[in-house]
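Working notes, structure below.
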Amino acid sequence: MEELIVTKAKELFFSYGIKSVSMDDISRKGAISKKTIYKCFEDKNQLIERLVSELLSRFKSDLERSSKQGHNAIEELTLASQTTINSISAISPAFFYDLKKFFPGLWQLVEEHSHTVLIPSIANNLKKGINEGLYREDLDIAFTTNIRIQQITSVVGVDRVISRVSESHELMLKLTQFYLHAIATARGKQLINNYLNGNNDNEFSN
């Protein structure tokens, strides 16, 4: 029953934001009594905390899987970009806006995830690409990592104005192409075309 509640709450919160969805809405959506919901979750805050925790856990798992599956730094990055946008693009910007404005404690978890998981992942990818001869040796790791964070934020952050999933996918693809061409060596640029314009292009559009 707890999983059903979480599933229905996720559908509503991710579609309409947090503030506009009540526990009554979740009750009706799942055909579950409010009494049953409150047996599983103390209040709306606890339910939101569960959703955020699961979302961040999924992001971390996706990054780890991309790192294991990628045969080189460029494939790893394209896989990570793909899984990130697949996870995020269908979530309404209202969800992130409400989370940041009305649930600062939970938003802090998102910020911590960025600093402890996402930033190290990007930096490690850059170091890996340099060692493989696919990224330029003169890259400033910290600066380039920040650039990539800003790109991702522009697609999935609270200020995102894109409403269509297909547009989010297209923007992420173009930003990833721009980023990779800026940091890649001549050898790396050959792989970019293979992964983004060839074999992996369809993955971004699914």
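The values are calculated or read from the model by the stated rules, or taken from the named source; none is laboratory data. All figures in this text were calculated on a predicted structure; none of them were measured in a lab. Neighbour counts are summed over all protein chains in view; Cβ atoms, including those assigned to glycine, are modelled from backbone coordinates with ideal geometry.
Go through the stretch 147-189 and give me each residue that's crowded, with 19+ Cβ neighbours inside 10 Å, modelled with pLDDT of 90 or more and not in a helix (DSSP H, G or I).
If the condition is that a residue be crowded, with 19+ Cβ neighbours inside 10 Å, modelled with pLDDT of 90 or more and not in a helix (DSSP H, G or I), then ALA184 is the only one that fits.
For ILE192, only one of the following conditions fails: (1) modelled with pLDDT of 85 or more; (2) not in a helix (DSSP H, G or I). What is its number?
With (1) modelled with pLDDT of 85 or more; (2) not in a helix (DSSP H, G or I) applied to ILE192, the lone miss is (2).
If GLU42 meets every condition in (1) without any contact (Cβ under 8 Å) to a residue 12 or more places away in the chain; (2) closer than 30 Å to ALA80 by Cβ; (3) not in a helix (DSSP H, G or I) apart from one, which number is that one?
With respect to (1) without any contact (Cβ under 8 Å) to a residue 12 or more places away in the chain; (2) closer than 30 Å to ALA80 by Cβ; (3) not in a helix (DSSP H, G or I), GLU42 is out only on (2).
Which is surrounded by fewer than 14 Cβ atoms within 10 Å (Cβ to Cβ) and either within 26 Å of ILE183 (Cβ to Cβ) or under 15 Å from the mean Cα position of the chain (by Cα) (or both), of GLU132, GLU112, GLU75? Walk me through how you get there before you give the answer.
On the way: GLU132 fails: surrounded by fewer than 14 Cβ atoms within 10 Å (Cβ to Cβ); GLU75 fails: surrounded by fewer than 14 Cβ atoms within 10 Å (Cβ to Cβ).
After applying the criteria, what remains is GLU112.
Tell me yes or no: at least one residue of the stretch 6-25 is more than 22 Å from LEU175 (Cβ to Cβ), in the same structural domain as ILE119 (by TED's automatic domain parsing) and touching a residue at least 40 places away in the same chain (Cβ under 8 Å). Talk me through it step by step, then tell me what you get.
Step one: of the stretch 6-25, the residues more than 22 Å from LEU175 (Cβ to Cβ) are 6-25.
Imposing the further condition that a residue be in the same structural domain as ILE119 (by TED's automatic domain parsing) reduces the set to none.
No, the stretch 6-25 contains no residue that is more than 22 Å from LEU175 (Cβ to Cβ), in the same structural domain as ILE119 (by TED's automatic domain parsing) and touching a residue at least 40 places away in the same chain (Cβ under 8 Å).
Looking at the stretch 1-23, which of its residues are under 17 Å from TYR38 (Cα atoms) and either within 22 Å of the chain's Cα centre (by Cα) or assigned to a helix (DSSP H, G or I) (or both)?
First pass over the stretch 1-23, keeping only residues under 17 Å from TYR38 (Cα atoms): 1-10, 21-23.
Those that are under 17 Å from TYR38 (Cα atoms) and either within 22 Å of the chain's Cα centre (by Cα) or assigned to a helix (DSSP H, G or I) (or both): GLU2, GLU3, LEU4, ILE5, VAL6, THR7, LYS8, ALA9, LYS10, MET23.
So, in the stretch 20-37, exactly how many residues are exposed (fewer than 14 other Cβ atoms within 10 Å of the Cβ) and within 26 Å of GLN108 (Cβ to Cβ)? Walk me through it before giving the result.
Step one: of the stretch 20-37, the residues exposed (fewer than 14 other Cβ atoms within 10 Å of the Cβ) are 20, 22, 24, 28, 31, 33-35.
Filter once more, keeping what is within 26 Å of GLN108 (Cβ to Cβ): 20, 22.
Residues meeting the conditions: 2.
Pick from SER53, SER87, SER15: which is closer than 30 Å to ILE130 by Cβ and of a type outside the set (A, V, I, L, M)? Talk me through it step by step, then tell me what you get.
On the way: SER53 fails: closer than 30 Å to ILE130 by Cβ; SER15 fails: closer than 30 Å to ILE130 by Cβ.
Sole residue among the options that is closer than 30 Å to ILE130 by Cβ and of a type outside the set (A, V, I, L, M): SER87.
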